[in-house]
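In what follows, a structure is listed as structure tokens, so that the remarks can point back to it.
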Amino acid sequence: PFKNSFYYQLKGPFENIARAGEYGYTKAPSENDFKAAYYNSLMWSITKNELHADKAMEILRAYAGKLKKIYGPDDPLCAGLQGFMLINAAEIMRYTYSDLKYSNGWNLNDTKQVESMFRNVFLPVLQTFIKSEPYSNGNWGISVNKMVMALGIFLDDKDLYNSAIDFFYNSVDNGSLPNYISETGQIQETGRDQAHCMLGLGCLAELCECAWKQGDNLYGALDNRLYKGYEYLSKVNL
């Protein structure tokens with residue numbers, strides 16, 4: 001069944017996940033699980049059908065209870081891209097499906113276990129990338145940073161949130177806004193391919209939307225730099 005269906009069958013949970021290498025076999029199934037958690041949380045919000053909510057909770061609880069480590073070689077992308085799906089599902093369920101109202105709703109143990117998973121499994125991978133000498137195209141840093149921001153919000157960690165704002169403006173990594181999109185709108189990966197450019201801009205937009213929900217306008221940063229990037233990319237594709 002489609003991943004937005006409450007009939008979705010959980011493929012995991014896995015103790016270790018990765019996009020390649022020894023645990024590369026977990027990429028597709030774990031990614032599908034994370035998508036299913038997110039899509040069912042959205043369907044719950046739209047339809048108020050508790051079967052969608054219960055499916056999202058099933059997946060969140062399964063991984064929070066088992067996931068221990070994210071492996072390379074491109075573990076920052078795994079933590080950033082897949083983690084962002086899962087943390088958005090968790091954010092929705094935490095604040096719309098409380099055990100105070102629903103028998104299978106989010107409870108204090110869920111808060112403890114899910115927060116522990118994100119802080120102990122996902123965050124170290126992201127922080128290792130941020131502390132390393134830059135070595136990748138900008139979509140990596142952007143994917144990492146949007147997850148750092150999402151973690152700051154979900155964990156109510158103001159310092160973590162502010163570190164994502166600082167990275168957005170000031171990091172020497174290719175994933176900072178001024179390094180990824182030039183003043184002309186040309187993208188750091190324009191000479192590479194269009195798919196990665198679209199990934200980078202999409203992740204920047206998601207990061208900006210997270211900040212917008214917190215009352216911070218990053219969309220307009222550096223004279224609407226993100227907007228210029230979208231215009232440039234659209235013209236190149238046309």
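The values are calculated or read from the model by the stated rules, or taken from the named source; none is laboratory data. Every value quoted in this text rests on a predicted model; they were computed, and no experiment measured them. No Cβ is skipped: glycine too gets one built from the backbone with ideal geometry, and neighbour counts run over all protein chains shown. Side chains included, ligands, DNA and RNA excluded: accessible areas come from the protein's heavy atoms. Shrake-Rupley method; radii C 1.70, N 1.55, O 1.52, S 1.80 Å.
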Would you work out the charge dipole size for the stretch 83-238 about its Cα centre, treating the Cβ of every Lys and Arg as +1 and the Cβ of every Asp and Glu as -1, and quote it to the nearest 20 debye? 180 debye
Just Asp110, Asp173, Asp223 to compare: in a GNM of the chain, with alpha carbon springs under 10 Å, which one fluctuates most? Asp223
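Over the stretch 107-153, what portion of Cα pair distances is larger than 17 Å, expressed as a whole percent?
Working: 411 of 1081 pairs.
Counting pairs separated by more than 17 Å, the tail of P(r) holds 38 percent.
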Set Lys68/Lys158; Lys27/Lys68; Lys68/Lys213, cut-off 27 Å on Cα-Cα distance; pairs above it are Lys68/Lys213
Could you state the angle between the C-alpha long axis of helix 108-117 and the longest principal axis of the C-alpha atoms of the chain, as a value from 0 to 90 degrees rounded to the nearest 10? 40 degrees
Taking θ as phi - 60°, what are the ³J(HN,Hα) couplings along the stretch 10-19 by the Karplus curve (6.51, -1.76, 1.60), each to the nearest whole Hz, with x for Gly and Pro? 4, 8, x, x, 10, 6, 10, 10, 6, 9
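In Å², and per residue, what accessible area does the chain have when probed at 1.4 Å with the other protein chains present?
Numbers: 11300 Å² over 238 residues.
Result: 47 Å² per residue.
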If you fit an axis through the alpha-carbon atoms of helix 158-170 and take the longest principal axis of the Cα set of the chain, what angle between them do you get, 0 to 90°, nearest 10? 30 degrees
Expressed as a percent, the accessible surface of the stretch 1-90 that is carbon or sulfur, using a 1.4 Å probe and the full set of protein chains, is 54 percent
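Once the piece of chain linking Lys66 and Ser45 is laid out straight, how much longer is it, given 0.36 nm per residue of separation minus the C-alpha distance between them? Intermediate results must be reported in sequence, preceding the final value.
Values: separation 21, 0.36 × 21 = 7.56 nm, distance 2.64 nm.
Result for the pair: 4.9 nm of gain on full extension.
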Taking springs between alpha-carbon atoms closer than 10 angstrom, which of Ser176, Ser132, Ser163 fluctuates most in the Gaussian network model of the chain? Ser132
Points 7 angstrom from Cα along the Cβ direction at Asn162 and Val236: gap in nanometres? 3.5 nm
Aspartates and glutamates near Lys235 by alpha-carbon distance under 20 Å, same-chain residues fewer than 8 away left out - which ones? Glu183, Glu189, Asp193, Asp223
By the mean-Cβ-within-10 Å protection proxy, highest first, 10-20, 34-44 rank as 34-44, 10-20
q = 0.13, 0.18, 0.19 Å⁻¹, the stretch 39-142: log10 I(q)/I(0) [Debye, one scatterer per Cα]: -0.52, -0.85, -0.91
Counting only protein heavy atoms, what percent of the accessible surface of the stretch 131-238 is carbon or sulfur at a 1.4 Å probe? 50 percent
Can you list the lysines whose alpha carbon is less than 16 Å from that of Lys55, not counting same-chain residues fewer than 8 positions off? Lys3, Lys11, Lys35
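Calculate, for Val172 and Met198, the FRET efficiency according to 1/(1 + (r/R0)^6) with r their C-beta to C-beta distance and R0 25 Å; round to the nearest 0.05.
On the way: r = 24 Å, r/R0 = 0.95.
Once rounded, the FRET efficiency stands at 0.55.
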Which entry is the computed Cα extents along the principal axes in Å for this structure: [x] 52, 38, 33; [y] 54, 40, 38; [z] 78, 47, 25? [y]
